[in-house]
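Asks: Take a look at this one; I'll ask things after.
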Amino acid sequence: MSQIIAPQTDKPNMPPYEEVYRNFDWKEVEKNFSWHETGKVNMAYEAIDRHTETWRKNKVALYYSDAKRNEKYTFQDLKDLSNQFANVLRKIGVQKGERVFLFMPRSPEIYVSLLGTIKVGAIAGPLFEAFMEQAVRDRLENSDASALVTTPELLPRVPYKELPALKHIILVGDGEIPNDDGDTKFYIYQKEMNEASREAEIEWVDREDGLILHYTSGSTGKPKGVLHVHNAMIQHYQTAKWVLDLKEDDIFWCTADPGWVTGTSYGVFGPWLNGASNLIRGGRFSPDDWYATIEKHRVTVWLSAPTAFRRLMAAGDEKIKEYDLSSLRHILSVGEPLNAEVVHWGRRVYGLSIHDHWWMTETGGMLIANYPSMPIKPGSMGRAFPGIEVAILDNEGNEVPRGQMGSLCIKAGWPSMMRKIWKNEKKYNEYFQFPGWYISGDLATMDEEGYVWFQGRDDDVIMTSGERVGPFEVESKLVEHPAVAEAAVIGKPDPVRGEIIKAFVSLREGLEKSEELAEELKIFVRKGLAAHAAPREVEIRDSLPKTRSGKIMRRVLKAWELGLPTGDLSTMEE
Ligand code: 6R9
């Protein structure tokens, strides 16, 4: 198989793997936090306020830049601002446990709102800015969100008059409060902030109280609300320390948006719990912009996704020579399979191995990783984090021999494990069908040394450019179009994006297929759901393969598409 690459980093935070894996205890990690003794916990305090009681008070916590803004915030600044926002929420009457959603383009205000929300003990719900009306509605409806922070530009996508639980909307940026605001009260962020005090009482909560709600897609049904609790900080802290290898002088750049779990667990919590400086870059991906960002901010630790690395690879090695990337000392990747080829390319052009690691929205934090202290096997996701037990199980829940493919499962009970699927206990229980084990839905193999190799998803979930898309959501949108009778959506392998979304549709009676209609359907999903969820290919067919019970057989379409054997067709309709 592929070669082994020896560790490169000098003095990594993590001691040698075998030693630490044997002796690790999460209980010891808790001792880094004062709530270990007091029982009074709040993530925002541990991530921000705590550092203002030390010399880190005036250390830059957040470097923010986009095309228009270029700003710095110290830990003290973030403490003051989040206190102000907490006071805004208190003034309008938001209580502990209520859901406060954040629907904005990347900006410092998202981070301030997120921290302020957590300070009052409310549960934060970050939404990706590209969501269109249906996606926004599903999430606000399911969570019964009582408050929303958004911008005037995004407000038209929020059907607030049809969301009875949504009582307050706080608008960030210049804009008018709508004339006809129904039962929802509107506030202007800057005005409220200006009037709010910088002193605020923190709502001390239980370690098992709700912190954040991230919606994610499964293969069936509406998106699921994955609830994480304050206790997750134990895992965020330790994984950021050992996997991200964050040190006092680092400038850490996580390229993920806070609408996705990577953008909060490792774009907010992990680094700040460690007192590190975070860089946030707004705007869209472009190779020049990204390299210029690393050069300008002297980024030292960089966490991104395979799709970005593949696009940078496609942009050519020459481009890299135009920038000074010498500040980089550690690079990481997550979200999709990182091809061994990309690891080798990284070593050639950046002089650094890209460290792949694995986890999911549901797991709240990293569980399997390549550590700076451990040799890398390119193409592998690495080994179990200390305190984590990984097993590859068969359909009965028995461990398969090393090297054989099976279901990637984790011994239940790590600190950042989700605590709920919001209002859906049945879904939650589906993850735990083998007693004591969490079933990830991924297929993998494990080698003799415990390195885990990703083999695919066990379901129909699509991974496109690092974003998880449930086929059902896209299909539901497509069938809303008046021309569409039925729709089936698959992920089609793509060298750059990992997978692209391909939709198969059949039309209503009497309608003719055309190129124009196929284009129109792509736009329909883009505008109605989200750009990243829009199919890049639409194929109009006379009918779709179905089971006798009427379920559309996505796997058959996929096999046809890829020219693979279709497998068992016994349940297929004539
Ligand atoms: C953090 C995050 C989770 C799914 C997961 C798996 C895929 C994540 C991977 C990987 C191959 C890796 N995935 N890391 N596949 N290699 N290193 O991505 O969360 O958006 O919930 O996605 O992503 O299929 O089950 P989320």
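The values are calculated or read from the model by the stated rules, or taken from the named source; none is laboratory data. Just so you know, these numbers come straight off a predicted model, no measurement behind them. In this analysis, Cβ positions are derived from the backbone assuming ideal geometry, glycine residues included, and neighbour counts consider all displayed protein chains. The area values use the complete protein model at the heavy-atom level, side chains included, leaving out ligands, DNA and RNA. Shrake-Rupley method; radii C 1.70, N 1.55, O 1.52, S 1.80 Å.
Asks: Which residue pairs have Cβ atoms closer than 8 Å, lie 6 or more positions apart in sequence or on different chains, and pair a first residue in segment 143-165 that is within 13 Å of Asp181 (Cβ to Cβ) and open to solvent by 70 Å² or more (accessible area, probe 1.4 Å) with a second residue that is in a loop (DSSP other than H, G, I, E, B) and of a type outside the set (A, V, I, L, M)?
Replies: Taking only residues 6 or more apart or on different chains, the pairs are Lys161/Gly182; Lys161/Asp183; Lys161/Thr184.
Asks: Does Leu338 satisfy being within 16 Å of the ligand (Cβ to nearest atom), of a type in the set (A, V, I, L, M), in a loop (DSSP other than H, G, I, E, B) and under 23 Å from the mean Cα position of the chain (by Cα)?
Replies: yes
Asks: May I ask you to verify whether Gly466 is open to solvent by 20 Å² or more (accessible area, probe 1.4 Å) and either within 13 Å of the ligand (Cβ to nearest atom) or over 23 Å from the mean Cα position of the chain (by Cα) (or both)?
Replies: yes
Asks: Then there is this: Do we find that Asn395 is more than 24 Å from Glu18 (Cβ to Cβ) and either acidic (Asp, Glu) or part of a helix (DSSP H, G or I) (or both) in this structure?
Replies: Judged against the criteria, Asn395 is not a match.
Asks: With respect to Gly351, is the statement that it is open to solvent by 20 Å² or more (accessible area, probe 1.4 Å) and either among the small types (Gly, Ala, Ser) or in a strand (DSSP E or B) (or both) true?
Replies: Here the answer is yes, as Gly351 does meet what is asked.
Asks: Which one of these is under 26 Å from the mean Cα position of the chain (by Cα) and either open to solvent by 10 Å² or more (accessible area, probe 1.4 Å) or among the basic types (Lys, Arg) (or both): Lys222, Lys185?
Replies: Answer to the selection: Lys222.
Asks: Which members of segment 280-304 meet the condition of being under 20 Å from Glu129 (Cα atoms) and open to solvent by less than 20 Å² (accessible area, probe 1.4 Å)?
Replies: Ile280, Gly282, Ser304
Asks: Among Ile212, Ile169, Ile202, which is farther than 23 Å from Ser476 by Cα, within 16 Å of the ligand (Cβ to nearest atom) and in contact with a helix residue (DSSP H, G or I) (Cβ under 7 Å, 6 or more places away or on another chain)?
Replies: After ruling out the rest, the residue left standing is Ile212.
Asks: Of the residues that sit in segment 355-380 and are near the ligand (Cβ under 9 Å from one of its atoms), open to solvent by 10 Å² or more (accessible area, probe 1.4 Å) and assigned to a loop (DSSP other than H, G, I, E, B), which one is nearest to Leu328 (Cα to Cα)?
Replies: So the residue we want is Trp359.
Asks: Being open to solvent by 10 Å² or more (accessible area, probe 1.4 Å) and not aliphatic (A, V, I, L, M) is the filter here; which residues of segment 260-276 pass it?
Replies: Trp260, Thr262, Asn274, listed by residue number.
Asks: Somewhere in segment 435-453, is a residue under 26 Å from Ala305 (Cβ atoms), open to solvent by 50 Å² or more (accessible area, probe 1.4 Å), within 19 Å of the chain's Cα centre (by Cα) and within 13 Å of the ligand (Cβ to nearest atom)?
Replies: No.
Asks: Any residue in segment 503-524 that is under 30 Å from Tyr438 (Cβ atoms) and open to solvent by less than 50 Å² (accessible area, probe 1.4 Å)?
Replies: No.
Asks: Got a number for residues in segment 237-277 being within 16 Å of the ligand (Cβ to nearest atom), in a helix (DSSP H, G or I) and either within 14 Å of the chain's Cα centre (by Cα) or basic (Lys, Arg) (or both)?
Replies: 10
Asks: Asn83: farther than 22 Å from Gly259 by Cβ, crowded, with 16+ Cβ neighbours inside 10 Å and within 22 Å of the chain's Cα centre (by Cα), yes or no?
Replies: No: the conditions fail for Asn83.
Asks: Just to check your reading of the model, which residue among Arg284, Arg311 is part of a loop (DSSP other than H, G, I, E, B), more than 16 Å from the ligand (Cβ to nearest atom) and at pLDDT below 95?
Replies: Exactly one residue qualifies, and that residue is Arg284.
Asks: Report whether or not Val342 is within 21 Å of Glu499 (Cβ to Cβ) and open to solvent by less than 50 Å² (accessible area, probe 1.4 Å).
Replies: Yes; evaluated as a whole, the condition is true for this residue.
Asks: Could you check, for segment 343-350, whether at least one of its residues is away from the ligand (no atom under 16 Å from the Cβ), touching a Phe, Trp or Tyr at 6+ places or on another chain (Cβ under 7 Å) and within 22 Å of Asp245 (Cβ to Cβ)?
Replies: Within segment 343-350 (the criterion being away from the ligand (no atom under 16 Å from the Cβ), touching a Phe, Trp or Tyr at 6+ places or on another chain (Cβ under 7 Å) and within 22 Å of Asp245 (Cβ to Cβ)), the answer is no, since none of the residues qualifies.
Asks: Based on this model, can you work out whether Ser476 counts as hydroxyl-bearing (Ser, Thr, Tyr) and farther than 19 Å from Gly335 by Cα?
Replies: So Ser476 passes the test.
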